[in-house]
Amino acid sequence: MKYKKIAAMVAAASMLGLSACSSDDSGTTDEGTGNGGTATGDITLWLAGSDTPQELRDYLVTTFEDENPGSTLTIEEQAWGDLITKLTTALPDEQNTPDVVEIGNTQAPTFTTVGAFRDLSPIYEELGGEDLLQSFVDVGTVEGAQYALPYYFGSRYVFYRADIWDAAGVEVPTTLADFNEAAKELTEGNQSGFAMGGQDWRNGISWVFANGGELATVDGAEWTSTLSDPATIEGLEMWQDLVMNASNLPTTERDVAYWDFINDGTDGAAPEATSMMAPGWARWSIGDITTNDDGEEVRDGMADESTYDIFALPGVDGGVAPVFAGGSNIAISAKSQNPELSENLLKIIFSQEYQTMLGENGLGPANSQYVDSLGDDKFATTMIETAESSKLTPAAPGWAAIEGAFVYEELFQKIADGGDVTALAEEYDAKLTPMLNGN
């Protein structure tokens, strides 16, 4: 999802200076005791990027300090592009480790498998248990123990120019093949039917998943890249047809603000694309320009439904395609000197109050009991619908190293450039299999 520059060899346990299983240390500061006899102290929460609104940050600080007299919470924001490198350095350092950290769901396995996070199994049920988004729980689980739990989720769906589609007589597609054909039909001159960068594998793998393909499989502890599987090949070829014939974006593009392409250009110029796919929070970057209460120019969140609309990417045989899920996990450093206070913070984060606040701010709550806080409009229902069908990347120990080396970006660009998909799949299976296993 939002992960850009990641240290390529972060998966190596030697770099983290940690053992193969998480610490059960329960060290605390000796500054005195606060609520319930828990030692008081100062803890730090690292949040990644700006997705958590200031209102929620203020709530966490105030609530934590009210419930833990004598203790303080400091929240530090880390850029997604620097997060993994900083965690690699900070987590083994007992004196400087953040106590609680937000981490991308695809990066969680790298840290859980080398003992970087505290075992949360003793409080798992109290934090939500089976009501938590299980695909996110799974990527933070090692040998049945939970080390990283879901923080929030976001799911991808299609945003499109309803006015242009209607004028062309193109209906909302009900199958993935229909979507490809609609996007190609709406491609004309400089206008793309579907905005898609050639390196954008995070959106592109939805075509793989929809065709029943997988990126990798595991047998025991051994991971194998499965790009050469016939179902995966079919999905990659279907994506290749779409990106080559419906998108004018360069094949070198990957982290693209697609919403800019479906918004009207300056002075009312026609949009550069008629559709794009992104997580639900992209809504707030789409629409007509208006002025907020602070006098800032912002988009109106697609207020004009005759111009902008959404739909779930359809599956091969109808229904909803299994898109790649966005979102984050959250964990406690195994080297935290205040593990009990850190657990107290997690209890606030997984409380009904905070989970509801996440939903009210457009972030999918980790606990399924509170998804109704997202609302009941089309954005909420489509987000929930697509999240229920979503999939994650393989929970392999070397996954972060793969992302850090931009291997899938390289592969998808070659496919977008018209390369032989079967030959490329064989080539990259040989390259990815050892990397998946941290070699």
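Values as computed for the structure displayed
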item	result
Count of residues meeting criterion [assigned to a loop (DSSP other than H, G, I, E, B) and at pLDDT 90 or above] in the stretch 278-294	3
Single condition residue 255 does not satisfy, out of (1) under 27 Å from residue 363 (Cα atoms); (2) in a helix (DSSP H, G or I)	(2)
Candidate set from the stretch 180-193 (those that are surrounded by fewer than 24 Cβ atoms within 10 Å (Cβ to Cβ) and small (Gly, Ala, Ser)); member that is farthest from residue 263 (Cα to Cα)	182
The one condition in (1) surrounded by fewer than 19 Cβ atoms within 10 Å (Cβ to Cβ); (2) within 26 Å of residue 380 (Cβ to Cβ); (3) touching a Leu at 6+ places or on another chain (Cβ under 8 Å) that residue 168 fails to fulfil	(2)
Complete set of residues in the stretch 357-391 that are surrounded by 18 or more Cβ atoms within 10 Å (Cβ to Cβ) and either more than 18 Å from the chain's Cα centre (by Cα) or aliphatic (A, V, I, L, M) (or both)	357, 358, 363, 366, 370, 371, 373, 374, 380, 383, 384, 387
Test: residue 99 is surrounded by 19 or more Cβ atoms within 10 Å (Cβ to Cβ) and acidic (Asp, Glu)	yes
Every residue from the stretch 344-356 that is crowded, with 19+ Cβ neighbours inside 10 Å and not aliphatic (A, V, I, L, M)	344, 350, 354, 355
Output for the stretch 224-242, where each listed residue is under 19 Å from residue 436 (Cα atoms) and not charged (D, E, K, R)	224, 225, 226, 227, 228, 232
Members of the stretch 258-269 found to be surrounded by 16 or more Cβ atoms within 10 Å (Cβ to Cβ) and in a loop (DSSP other than H, G, I, E, B), listed by number	258, 263
Failed item in (1) in contact (Cβ under 8 Å) with a residue 40 or more places away in the chain; (2) assigned by TED's automatic domain parsing to the domain that holds residue 217, with residue 419 passing the rest	(1)
Odd one out for residue 196 among (1) in the same structural domain as residue 113 (by TED's automatic domain parsing); (2) surrounded by 24 or more Cβ atoms within 10 Å (Cβ to Cβ); (3) under 21 Å from residue 232 (Cβ atoms)	(1)
Residue, farthest from residue 333 (Cα to Cα), within the stretch 64-89, restricted to residues that are out of contact with any strand residue (DSSP E or B) (no Cβ under 8 Å at 6 or more places or on another chain) and free of Cβ contacts under 8 Å to residues at least 24 places away in the same chain	66
Only listed residue being surrounded by fewer than 16 Cβ atoms within 10 Å (Cβ to Cβ), among the hydroxyl-bearing types (Ser, Thr, Tyr) and not in a loop (DSSP other than H, G, I, E, B), chosen from 174, 217, 232	217
Complete set of residues in the stretch 303-320 that are buried (at least 20 other Cβ atoms within 10 Å of the Cβ) and either without any contact (Cβ under 8 Å) to a residue 60 or more places away in the chain or outside the structural domain of residue 162 (by TED's automatic domain parsing) (or both)	none
Some residue of the stretch 180-191 being outside any helix (DSSP H, G or I) and in the same structural domain as residue 93 (by TED's automatic domain parsing)	no
Any hit, the stretch 18-40, residues being under 23 Å from residue 402 (Cβ atoms), modelled with pLDDT of 85 or more and assigned to a loop (DSSP other than H, G, I, E, B)	no
Of the criteria (1) more than 30 Å from residue 239 (Cα to Cα); (2) of a type outside the set (D, E, K, R); (3) not in a helix (DSSP H, G or I), which one residue 345 fails	(3)
Tabulated pairs, the stretch 151-171, first touching a residue at least 12 places away in the same chain (Cβ under 8 Å), second surrounded by 19 or more Cβ atoms within 10 Å (Cβ to Cβ) and charged (D, E, K, R), C-beta under 7 angstrom, 6+ apart or interchain	151/102; 160/309; 162/309
Filtered residues of the stretch 235-252 (kept if in a helix (DSSP H, G or I) and in contact (Cβ under 8 Å) with a residue 40 or more places away in the chain)	236, 237, 238, 239, 240, 241, 242, 243, 244, 245, 246
Filter pass, residue 208 being assigned to a helix (DSSP H, G or I), under 30 Å from residue 231 (Cβ atoms), β-branched (Val, Ile, Thr) and at pLDDT 95 or above	yes
Breaking point among (1) surrounded by fewer than 24 Cβ atoms within 10 Å (Cβ to Cβ); (2) aromatic (Phe, Trp, Tyr); (3) not in a strand (DSSP E or B), for residue 46	(3)
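The values are calculated or read from the model by the stated rules, or taken from the named source; none is laboratory data. Owing to the predicted nature of the structure, the values given are computational and were not obtained by experimental measurement. Methodologically, a virtual Cβ is constructed for each residue, glycine included, from the backbone with ideal geometry; neighbour enumeration extends over all protein chains shown.
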